[in-house]
There are 2 protein chains.
Amino acid sequence: MATVSRALNKSGYVKPETLARVMAVASELGYVPNRQARAMVNGSTQTLGILIPDMDNALFMRIVRGINDASYPYGYSLLIMDSRGNPEREGKIFRTMQELRVDGLVLFATPGTALLLDSFEYPLPVVVIDRLLPTCAVPQVSVDHYRGARDAVELLLKECRHPPATLAGPHDVTSSWPRLQGYRDALRAGGLSQADERIEFGEYTYEGGYRGMMRLLNEGTRLLDGVFAANDLSALGALRALRDKGYQCPEDVRIVGFDDIEATRYVYPSLTTIRQPMDEIGRVAVDMLLKLASGDIIVDEEPVLLPGELIRRESC
Amino acid sequence: MATVSRALNKSGYVKPETLARVMAVASELGYVPNRQARAMVNGSTQTLGILIPDMDNALFMRIVRGINDASYPYGYSLLIMDSRGNPEREGKIFRTMQELRVDGLVLFATPGTALLLDSFEYPLPVVVIDRLLPTCAVPQVSVDHYRGARDAVELLLKECRHPPATLAGPHDVTSSWPRLQGYRDALRAGGLSQADERIEFGEYTYEGGYRGMMRLLNEGTRLLDGVFAANDLSALGALRALRDKGYQCPEDVRIVGFDDIEATRYVYPSLTTIRQPMDEIGRVAVDMLLKLASGDIIVDEEPVLLPGELIRRESC
DNA sequence: ATGAAAGCGCTAACAA
DNA sequence: TTGTTAGCGCTTTCAT
């Protein structure tokens with residue numbers, strides 16, 4: 001048995017002809033090694049877990065693809081589970097991931113994730129991604145939401161005559177805070193005051209963006225020719241609202257989004273947006289996880305903020 | 001040890017107070033059972049594998065979400081691996097899935113998948129999904145590509161004055177065959193001849209659809225006011241080509257797509273398309289897999305073809 | 001109602 | 001260079 005093991009893993013000494021014989025018989029018998037058994041002995045499943053609140057979300061899955069590509073060379077498999085945004089389900093999945101003994105876990109944070117992490121002390125390497133958890137001392141990676149938002153709004157400031165409005169994200173999603181702050185600070189830096197702020201909530205959804213834009217348009221007390229939508233979905237909804245009200249984009253109102261999901265290139269007008277470095281987020285997350293898994297202590301407790309990139313298209 | 005096992009699994013007899021004590025100590029110690037060990041004993045990992053050629057594809061992931069939702073109640077975890085369309089990688093992943101001892105495997109077929117399956121006799125339950133493998137005797141589930149295409153083209157026939165053209169899918173992707181055949185048969189059923197067929201290849205991509213539409217527009221020898229794009233991505237590309245050439249949709253040219261990916265609702269004009277029953281595909285696939293895993297012999301070797309649904313929006 | 005023992009498939013230490 | 005043995009963490013007989 002030991003010799004077979006050595007032959008199959010090409011570890012330790014084994015006579016060339018023995019090796020050949022082992023290989024021959026193995027393939028003849030259709031032998032497929034059992035990873036569970038192997039994992040029990042050497043303590044590593046070569047599996048990374050991904051806990052995601054919605055695997056139908058274009059941005060999320062684009063990032064997961066980055067994780068996939070980054071981890072594949074190391075021989076890791078990805079165990080992906082979708083909580084559908086349900087905190088109870090998220091807890092169960094978190095548990096299951098531990099039972100499965102994944103070597104590391106990537107968490108797309110939701111409003112409930114902080115509690116989950118607080119109640120555990122994790123022997124399991126965990127990295128939080130995309131939406132940060134300010135209260136948690138966990139390694140985190142995301143785009144620089146604040147900087148991206150500022151860049152977006154500064155572009156609007158340059159292109160528009162009137163103070164731009166914003167369609168902000170939901171209160172309970174952490175990424176919407178720095179994006180909103182970026183909007184405010186950009187206005188302030190542009191010499192505008194708090195009175196010039198115009199904030200509607202776009203809820204990070206198509207519908208929310210549509211309705212938020214409608215409210216901005218119907219208000220009509222102030223002139224409006226620029227909108228920063230805090231994510232692309234709401235930007236797309238806003239675009240549609242503009243059209244339904246008979247406005248042209250970018251001629252009448254300019255729009256800048258955030259994320260650079262695939263659909264932004266297909267709509268008309270194509271969307272100017274802040275691109276999240278999806279592949280790099282994945283790469284950095286995997287790096288951190290593997291470091292943690294190999295016992296390294298992550299020195300830097302500050303979240304890693306990767307720069308977004310302003311992509312100019314037709315909408316601004 | 002045995003008592004603890006019985007307590008934790010609530011199997012067999014165990015005195016209530018013993019059970020309570022076990023639970024208390026378990027939670028105090030932060031005990032998390034090891035699924036690998038459990039799997040070794042009882043032979044099931046409670047894990048389903050998904051082999052996908054592109055996990056950034058909106059349609060695919062929407063179907064995977066269906067699989068996720070359908071399998072979650074049974075307590076299954078999903079192991080998703082992305083081959084990035086690379087046959088070699090696909091083979092490796094197929095192997096890895098077996099080593100991981102998944103209880104069943106869902107395959108999104110690629111041109112190379114047939115060879116993969118032929119060279120294995122599978123003790124592993126496998127279901128092929130979305131794109132069918134006509135030559136393989138494997139259980140398969142997908143939308144009724146042919147019927148959907150016919151419905152799409154029949155709508156165009158009704159709304160248009162001239163014979164509609166089609167932007168077909170790639171030769172080596174099986175789903176494009178029945179879709180093309182549906183186009184042809186619909187034309188024939190509408191009293192048109194082979195001479196009325198106009199086929200360009202849209203390659204199932206945005207770019208391909210764009211270029212294909214451009215070719216149709218530039219040809220200009222025949223009047224064109226209707227196009228069946230064999231998938232939504234190419235339809236989106238076609239939409240853009242129309243706009244860039246100064247045509248209006250649907251006024252000048254009507255377009256119908258296939259799949260109903262999310263973006264079709266956001267573009268302008270929103271896309272009339274054939275909706276794939278993503279959730280049902282997932283549900284049926286999981287059903288088949290669990291039946292196979294429990295040792296049932298699948299009687300019906302014919303692929304299961306679920307009906308698509310014509311969704312009318314603005315483009316036709 | 002509980003405990004002792006065997007064994008799932010593998011690897012690693014040790015001996016030969 | 002190969003074989004023997006122990007043990008990874010669990011479940012399942014079989015005794016008690």
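Here is how the numbers come out for the structure above:
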quantity	calculated
Close pairs (6 angstrom Cβ cut-off, 6 or more residues apart or separate chains): at the interface with chain B (Cβ under 8 Å from one of its Cβ atoms) in segment A:89-103, of a type in the set (D, E, K, R) anywhere	A:99/B:35; A:100/B:35
Filtered residue count, segment B:245-284, keeping only those that are within 14 Å of another protein chain (Cβ to nearest Cβ) and among the charged types (D, E, K, R)	6
Inter-residue pairs, beta-carbon under 8 Å, first over 23 Å from residue A:98 (Cα atoms) and in segment B:9-30, second within 12 Å of DNA strand D (Cβ to nearest atom) and of a type in the set (Ser, Thr, Tyr), 6+ apart	B:14/B:3; B:18/B:3
Selection within segment A:100-116 - more than 18 Å from the chain's Cα centre (by Cα) and surrounded by 16 or more Cβ atoms within 10 Å (Cβ to Cβ)	A:100, A:101, A:102, A:103, A:116
Residue in segment A:132-151 that is closer than 29 Å to residue A:245 by Cα, over 21 Å from the mean Cα position of the chain (by Cα) and not in a strand (DSSP E or B) present	no
Positions within segment A:59-76 being crowded, with 24+ Cβ neighbours inside 10 Å and at the interface with another protein chain (Cβ under 9 Å from one of its Cβ atoms), in sequence order	A:61, A:64, A:68
Residues of segment B:1-35 that turn out to be among the hydroxyl-bearing types (Ser, Thr, Tyr), more than 10 Å from DNA strand D (Cβ to nearest atom) and more than 14 Å from chain A (Cβ to nearest Cβ), as a count	1
Where residue B:109 falls short, out of the listed (1) in contact with a Lys or Arg (Cβ under 8 Å, 6 or more places away or on another chain); (2) away from every other protein chain (no Cβ under 14 Å); (3) farther than 25 Å from residue B:62 by Cα	(3)
Failed criterion for residue A:49 (all others in (1) under 22 Å from residue B:261 (Cβ atoms); (2) at pLDDT 95 or above hold)	(1)
Residues of segment B:261-280 satisfying the condition of being within 12 Å of the chain's Cα centre (by Cα) and either surrounded by 23 or more Cβ atoms within 10 Å (Cβ to Cβ) or not in a helix (DSSP H, G or I) (or both)	B:261, B:275, B:276, B:277, B:278
All helices (runs of 4 or more DSSP H) inside segment A:1-115 with 2 or more residues being more than 13 Å from DNA strand C (Cβ to nearest atom) and under 27 Å from residue A:174 (Cα atoms)	A:58-71, A:87-99
Matching residues, segment B:77-88, being at the interface with chain A (Cβ under 10 Å from one of its Cβ atoms) and of a type outside the set (S, T, N, Q)	B:78, B:79, B:80, B:81, B:82, B:84
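Yes/no matrix, rows are residues, columns are (1) free of Cβ contacts under 8 Å to residues at least 60 places away in the same chain; (2) not charged (D, E, K, R):
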{"position": "B:158", "(1), (2)": "yes, no"}
{"position": "B:169", "(1), (2)": "no, yes"}
{"position": "B:180", "(1), (2)": "yes, yes"}
{"position": "B:208", "(1), (2)": "yes, yes"}
{"position": "B:222", "(1), (2)": "no, no"}
{"position": "B:227", "(1), (2)": "no, yes"}
{"position": "B:244", "(1), (2)": "yes, no"}
{"position": "B:247", "(1), (2)": "yes, yes"}
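The values are calculated or read from the model by the stated rules, or taken from the named source; none is laboratory data. Everything numeric in this text was worked out from a predicted model, so none of it was measured. Cβ atoms come from the backbone with ideal geometry, glycine included; neighbour counts cover every protein chain shown.
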